[in-house]
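Asks: Quick one: structure below, then a few questions.
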Amino acid sequence: MAIIYEVNLKVVQTIAQEYLSWLHDHVNEMLKQTGFLQARVYQDISENEQDVQSACHYIVQYTVATRESLQQYFEHVAPLMRQQGIERFGDKFTATRRILQPI
């Protein structure tokens with residue numbers, strides 16, 4: 001059964017456009033990984049966010065064929081993929097992740 005790997009990003013407003021451009025390339029690289037079937041990128045436009053003026057919030061949801069495929073990604077590819085963002089943008093963004101299973 002396919003699962004959703006969700007990455008929630010909080011990006012400093014001053015780099016948001018550059019980050020978003022990079023993010024699309026990053027997502028395309030992710031989709032080359034075994035088991036990654038598709039991805040959707042969203043911007044959280046909730047108006048109740050207190051820091052809406054200082055940060056942009058993006059959500060990427062990857063559909064992954066199996067939990068095993070995702071585990072392989074975590075073990076073999078994730079450290080490098082994550083490091084690329086850190087090297088380019090430093091502490092100007094944060095990322096949190098979760099894994100969702102349809103019921």
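Every number here is computed from the coordinates shown, using simple stated rules; none is lab data. Predicted, not measured: the structure shown is a model, and the values here were computed from it. Counting neighbours? That spans all protein chains shown, and the Cβs are built from the backbone with ideal geometry, glycine included.
Asks: Which members of the stretch 16-35 meet the condition of being within 13 Å of the chain's Cα centre (by Cα) and either part of a loop (DSSP other than H, G, I, E, B) or within 11 Å of M81 (Cβ to Cβ) (or both)?
Replies: Within the stretch 16-35, H26, V27, E29, M30, L31 qualify.
Asks: Output the number of residues of the stretch 18-32 satisfying the condition of being within 13 Å of Y73 (Cβ to Cβ) and in contact with a helix residue (DSSP H, G or I) (Cβ under 9 Å, 6 or more places away or on another chain).
Replies: 2
Asks: Quick one: would you say E87 is more than 18 Å from I3 (Cβ to Cβ), out of contact with any strand residue (DSSP E or B) (no Cβ under 9 Å at 6 or more places or on another chain) and surrounded by fewer than 14 Cβ atoms within 10 Å (Cβ to Cβ)?
Replies: For E87, the condition - more than 18 Å from I3 (Cβ to Cβ), out of contact with any strand residue (DSSP E or B) (no Cβ under 9 Å at 6 or more places or on another chain) and surrounded by fewer than 14 Cβ atoms within 10 Å (Cβ to Cβ) - is met.
Asks: Related question: For V11, only one of the following conditions fails: (1) among the β-branched types (V, I, T); (2) in contact with a Cys (Cβ under 9 Å, 6 or more places away or on another chain); (3) surrounded by fewer than 13 Cβ atoms within 10 Å (Cβ to Cβ). What is its number?
Replies: Failing condition for V11: (3).
Asks: Further question: Name the single residue that is surrounded by the most Cβ atoms within 10 Å (Cβ to Cβ) among those in the stretch 53-69 being of a type in the set (A, V, I, L, M, F, W, C) and closer than 21 Å to H24 by Cβ.
Replies: V64
Asks: Has the stretch 47-62 got at least one residue that is part of a loop (DSSP other than H, G, I, E, B) and under 20 Å from I3 (Cβ atoms)?
Replies: So far as the stretch 47-62 goes, no, none of its residues is part of a loop (DSSP other than H, G, I, E, B) and under 20 Å from I3 (Cβ atoms).
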